[in-house]
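Right, one structure below, let's go through it.
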Amino acid sequence: MGRKYDVLVIGGGNAALCAAISARRSGASVLVLEGAPKFYRGGNTRHTRNMRCAHDAATEILTGPYTEEEFWEDLLRVTGGQTDEELARHMIRESKDILNWIVEQGVRWQPSLGGTLSLGRTNSFFLGGGRAMLNALYLTAEQLGVEVEYDAEVTDLVIEDGMFLAARVKRSINGETEIRATSLVAAAGGFEANIEWLKQYWGEAADNFLIRGTPYNRGSILKMLLARGVQEVGDPKQCHAVAIDARAPKFDGGIITRHDSVVFGIVVNKHAQRFYDEGEDIWPKRYAIWGRLVAAQPDQIAYIIFDSTVVTSFMPTLFPPIAGQTVAELASKLELDPAALEKTVTEFNAAVRPGTFDHTILDDCRTEGVTPPKTHWARRIETPPFLAYPVRPGITFTYLGTRVTKEARMLMQDGKPSANMFAAGEIMAGNVLGKGYAAGIGMTIGSVFGRIAGREAAKHARNQNS
Amino acid sequence: MHGTRILDEADRLMTVCNSCRYCEGLCAVFPAMEMRRAFSDGDLNYLANLCHSCGACYVDCQFSPPHEFNVNVPKTLSVARAESYAAYAWPRALSGTFARNGLVISIIAALSMAAFILGFAALNDHSVLFGVHTGPGAFYELMPHNAMAALFSAALLYAILALVMSVRAFWRDIGDPIGRADCGSIFQAMRDAGELRYLHGGGVGCYNEDDRPTDRRKLYHHLTFYGFLLCFAATSVATLYHYLLGREAPYPWWDLPVVLGTLGGIGLIVGPVGLFVAKMQRDPELLDEGRYGMDLGFIAMLFLTGLTGMALLILRETAAMGPLLALHLGAVFALFITMPYGKFVHGIYRFVALVRYAQERRGEAGS
């Protein structure tokens, strides 16, 4: 049996690295176990691009203030009140300092990306994206003396009465060994890449889900913790899911498979029927509901239908749109019933009222006499070629997690706090996100609770050692 | 699709990158890409020449290999860039052979030229070659000044003509139909090129053997480039001395041509060695290995020019002066005539691409 570490961090993303750095800066010896190979290190962080932090004034990269209160109201709205207010407000308060702290760890900011969602005031973007952010955190962690192992799969946790003792680790070369540590930080993500687990809640429909992140987010640590008496939080069916191109790979398609064109057209299911108001609210506030909407349709597939007049209104896409000179021709290429799609488009076009189009505000272009209505940005689809993107639910991350306190300490099923187990990131996101999503909030949860978890884990180890 | 396999691949990558855009803060390539939704051959050649191969977008990319999207922008643009030199070279017939055999051709050219000068001198008078010559005009005992000037002016003029023809073709392909560059854009491009603004990985340095960024390549490139400019200045000043003031080389160590040449010579020795070592150590994933010959040929010629020049300065009062002068002139001659077909053009094309970029940015800001 080898040395005993002060803090063992399981996971390798934003939350894990913030925890490792913060624990190390508090004087602890730290080992990070990342289950993925080095290239895929960092789980979903690889695919992120920004973080939502409160701030009282504009900065070099943020166009205006975003107060704690406004952040709280946004969170309240997207979750429909399904959040732990004390924890959430604590996170929002701490997020202000994260803007500076994360820079001290080598991460660089830039203004919001061109042609993307209008987040310039609320969200800080990572220069070079999420993998650049991760590279900076790993470099800093290693310079501080944090030890990192890749391809290190944790196969079991030894926990007695809410007290972590050791982790069993399977490595590609040395076989299985046991690693002891005084404190544990679990920052190993959710279970979105575990299709079998998703099927427990979604049934066969989960076979048609695409997973936007790495195939390594299998939720094995979450499962072990819940099985060892840690209290569960969040609805297992809730997740951050968006509509992504149906031609995307099963795993790890990332940001480039998403579609921002819903508000410029209509969305139909495999029976060529519309099923939701495509113009309900401006896109940055609505993009996160379309994954679940498509998941509820037969065979979990839908088609965004638009015409040639709007092609340049949204960002260029990885996969080109499928085109037809007539609506019927487009339908047959999509393997939809041509007559049904023609009828849907004709009825929609007939219902469009005249108005002045402006996609940046809730404009007055709407339909009348069609169900469901399109309440804004409704314009006739009539200029060939007619175009379509097939979309499927793209699961970004899951909300089922471990319940924690403000100190990021796990709570056991009997309501008592664990002596030495902490959690950060997606594995405890459900404490803050009961449902819904606001861009960049996953990274806020990761950095804020990662930093807290590392500090508290180091503090516990220090008290034990002295 | 495009004319070549590499342009097809560059098009595929720019389509991937344009739907991601995470790298737009790293350099000029991605903002230029974002101004387009589709890419012509000229667009891709323009983007390829804007790329300084700092490697940051490769290290930062979530889709780089082994990911199935296989996004390797630095390597792809590096190959496309080298092919663009060949595509625009004038006359076209000379481009391909050089790209494949750059180092060998440069060295053969340098040695043949040195041999020619040696032979020329030996034919005239054996004692000249290995004699000790000092004082003004010592160099010209080997070869008369006017013969030297005529030979090298011809080589340089040819190089300039070939370069102008190539750049014209490049600019036509990448420029907008109006086609004229304004002074502001040219000035901006001079600043961007002069400080190697985009060889900086978005601010931390470039990526070489691993994922720790450093500024070494930028430093060595500065030494090489400014060393080259100083040597060029030394030669120009000496030419003015010769024709305007009637003062003949060699000049004393404290005189302007020698001071400029010495500083430049040191840059031309240290810089190319540093660049060579950096190239050898660099992650092969980032390199266009097929073009080693062309790159090394250029680095070697610059190094030899610096080395023989410095050796000549130190040993100019000994019997080694004759052969060293011949070697030095051979190296410079080879550098001149291979300029339009070798790695030298990277500076010209990149500068032109930077002018185009500055122009596009101004157009965007104005609209």
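The values are calculated or read from the model by the stated rules, or taken from the named source; none is laboratory data. Since we're looking at a predicted model, the values are computed, not measured. Cβ sites come from the backbone with ideal geometry, for glycine too, and all protein chains shown count toward neighbours. Please note that ligands, DNA and RNA were not included when accessible areas were found on the heavy atoms of the full protein model with its side chains. Shrake-Rupley method; radii C 1.70, N 1.55, O 1.52, S 1.80 Å.
Does the range A:415-430 contain any residue that is under 27 Å from residue A:249 (Cβ atoms) and of a type in the set (D, E, K, R)?
The answer is yes; a qualifying residue exists.
May I ask you to say which residue of A:237, A:223 is open to solvent by 10 Å² or more (accessible area, probe 1.4 Å), part of a loop (DSSP other than H, G, I, E, B) and more than 10 Å from every other protein chain (Cβ to nearest Cβ)? Spell out the reasoning first.
Details: A:223 fails: part of a loop (DSSP other than H, G, I, E, B).
Just a single option satisfies the conditions, and that option is A:237.
Within the range A:157-213, can you find the residues that are of a type in the set (D, E, K, R), in a helix (DSSP H, G or I) and in contact (Cβ under 8 Å) with a residue 24 or more places away in the chain?
none
What number of residues in the range A:33-46 are surrounded by fewer than 24 Cβ atoms within 10 Å (Cβ to Cβ) and either at pLDDT below 95 or facing chain B (nearest Cβ under 10 Å) (or both)?
Applying the first criterion (surrounded by fewer than 24 Cβ atoms within 10 Å (Cβ to Cβ)) to the range A:33-46 yields A:36-40.
Filter once more, keeping what is either at pLDDT below 95 or facing chain B (nearest Cβ under 10 Å) (or both): A:37-40.
Total satisfying the criteria: 4.
Every residue in the range A:248-274 that is more than 14 Å from chain B (Cβ to nearest Cβ) and open to solvent by less than 40 Å² (accessible area, probe 1.4 Å), please.
The first filter runs over the range A:248-274 and keeps only residues more than 14 Å from chain B (Cβ to nearest Cβ), leaving A:262-274.
Result: A:262, A:263, A:264, A:265, A:266, A:267, A:268, A:269, A:272, A:274.
Quick one: would you say residue B:19 is under 14 Å from residue B:77 (Cβ atoms) and either of a type in the set (Gly, Ala, Ser) or modelled with pLDDT of 95 or more (or both)?
For residue B:19, the condition - under 14 Å from residue B:77 (Cβ atoms) and either of a type in the set (Gly, Ala, Ser) or modelled with pLDDT of 95 or more (or both) - is not met.
Scan the range A:215-229 and report the pairs whose first residue is within 13 Å of residue A:159 (Cα to Cα) and whose second residue is assigned to a helix (DSSP H, G or I), with Cβ atoms within less than 9 Å and a gap of 6+ or a chain change.
Matching pairs, first to second residue: A:221/A:427; A:225/A:427.
State the number of residues belonging to the range A:296-339 that are under 20 Å from residue A:270 (Cβ atoms) and within 14 Å of chain B (Cβ to nearest Cβ).
Residues in the range A:296-339 being under 20 Å from residue A:270 (Cβ atoms) and within 14 Å of chain B (Cβ to nearest Cβ): 2 in total.
Which is within 9 Å of chain A (Cβ to nearest Cβ) and either of a type outside the set (A, V, I, L, M) or open to solvent by less than 10 Å² (accessible area, probe 1.4 Å) (or both), of B:60, B:8, B:43?
On the way: B:8 fails: within 9 Å of chain A (Cβ to nearest Cβ); B:43 fails: within 9 Å of chain A (Cβ to nearest Cβ).
Matching residue, one of B:60, B:8, B:43: B:60.
Only one of these is farther than 30 Å from residue A:58 by Cα and of a type in the set (A, V, I, L, M, F, W, C): A:132, A:152. Name it. If you could, list the steps in order and put the result at the bottom.
Working: A:132 fails: farther than 30 Å from residue A:58 by Cα.
Every option except A:152 fails the conditions.
Can you report the number of residues in the range A:77-88 which are open to solvent by 60 Å² or more (accessible area, probe 1.4 Å) and closer than 21 Å to residue A:232 by Cα?
Result for the range A:77-88: 3.
Going by what's in this entry, would residue A:62 be described as part of a loop (DSSP other than H, G, I, E, B), within 14 Å of chain B (Cβ to nearest Cβ), at pLDDT below 95 and open to solvent by less than 30 Å² (accessible area, probe 1.4 Å)?
no
State which residue is surrounded by the most Cβ atoms within 10 Å (Cβ to Cβ) when the search covers only the range A:336-355 and only residues that are in contact (Cβ under 8 Å) with a residue 12 or more places away in the chain and not in a helix (DSSP H, G or I).
Applying the filter and picking the extreme gives A:336.
Considering (1) closer than 22 Å to residue B:288 by Cα; (2) open to solvent by 10 Å² or more (accessible area, probe 1.4 Å), say which one residue B:25 fails and leave the rest.
(1)
Is one or more of the residues making up the range A:363-374 at positive phi, in contact with a helix residue (DSSP H, G or I) (Cβ under 9 Å, 6 or more places away or on another chain) and either at pLDDT 95 or above or not acidic (Asp, Glu) (or both)?
So far as the range A:363-374 goes, yes, one or more of its residues are at positive phi, in contact with a helix residue (DSSP H, G or I) (Cβ under 9 Å, 6 or more places away or on another chain) and either at pLDDT 95 or above or not acidic (Asp, Glu) (or both).
Identify, by number, the condition in (1) without any contact (Cβ under 8 Å) to a residue 40 or more places away in the chain; (2) farther than 30 Å from residue A:143 by Cβ; (3) not basic (Lys, Arg) that residue B:268 doesn't meet.
(1)
Between a first residue in the range A:239-267 that is among the aromatic types (Phe, Trp, Tyr) and a second residue that is assigned to a loop (DSSP other than H, G, I, E, B), which pairs have beta carbons less than 6 Å apart while being 6 or more apart in sequence or on different chains?
Listed pairs, sorted by first residue: A:251/A:215.
If I filter the range A:116-140 down to residues being within 11 Å of chain B (Cβ to nearest Cβ) and assigned to a loop (DSSP other than H, G, I, E, B), which single residue comes out as surrounded by the most Cβ atoms within 10 Å (Cβ to Cβ)?
A:129
Going by what's in this entry, would residue B:1 be described as within 14 Å of chain A (Cβ to nearest Cβ), open to solvent by 10 Å² or more (accessible area, probe 1.4 Å) and more than 30 Å from residue B:365 (Cα to Cα)?
So residue B:1 passes the test.
Could you identify the single residue in A:113, A:8 that is assigned to a strand (DSSP E or B) and assigned by TED's automatic domain parsing to the domain that holds residue A:128?
A:8
State which residue pairs qualify: first residue at negative phi and at pLDDT below 95 and inside the range A:439-466, second residue among the polar types (S, T, N, Q) and open to solvent by 10 Å² or more (accessible area, probe 1.4 Å) in any location, beta carbons under 6 Å apart, and separation of 6 or more residues or different chains.
Pairs that qualify, where the first residue is at negative phi and at pLDDT below 95 and the partner is among the polar types (S, T, N, Q) and open to solvent by 10 Å² or more (accessible area, probe 1.4 Å), are A:464/A:182.
What's the total number of residues in the range A:89-110 that are in a loop (DSSP other than H, G, I, E, B) and either open to solvent by less than 40 Å² (accessible area, probe 1.4 Å) or small (Gly, Ala, Ser) (or both)?
3
Counting only residues that are facing chain A (nearest Cβ under 7 Å) and in contact with a helix residue (DSSP H, G or I) (Cβ under 7 Å, 6 or more places away or on another chain), which one in the range B:12-21 is surrounded by the fewest Cβ atoms within 10 Å (Cβ to Cβ)?
Result: B:16.
In the range A:156-181, what count of residues is obtained for those that are at pLDDT 95 or above, over 16 Å from residue A:30 (Cα atoms) and either open to solvent by less than 50 Å² (accessible area, probe 1.4 Å) or within 13 Å of chain B (Cβ to nearest Cβ) (or both)?
Number satisfying all stated conditions: 3.
Do you know which residues across the range A:240-261 are assigned to a strand (DSSP E or B) and either over 30 Å from residue A:345 (Cβ atoms) or among the hydrophobic types (A, V, I, L, M, F, W, C) (or both)?
Those that are assigned to a strand (DSSP E or B) and either over 30 Å from residue A:345 (Cβ atoms) or among the hydrophobic types (A, V, I, L, M, F, W, C) (or both): A:240, A:241, A:242, A:243, A:244, A:251.
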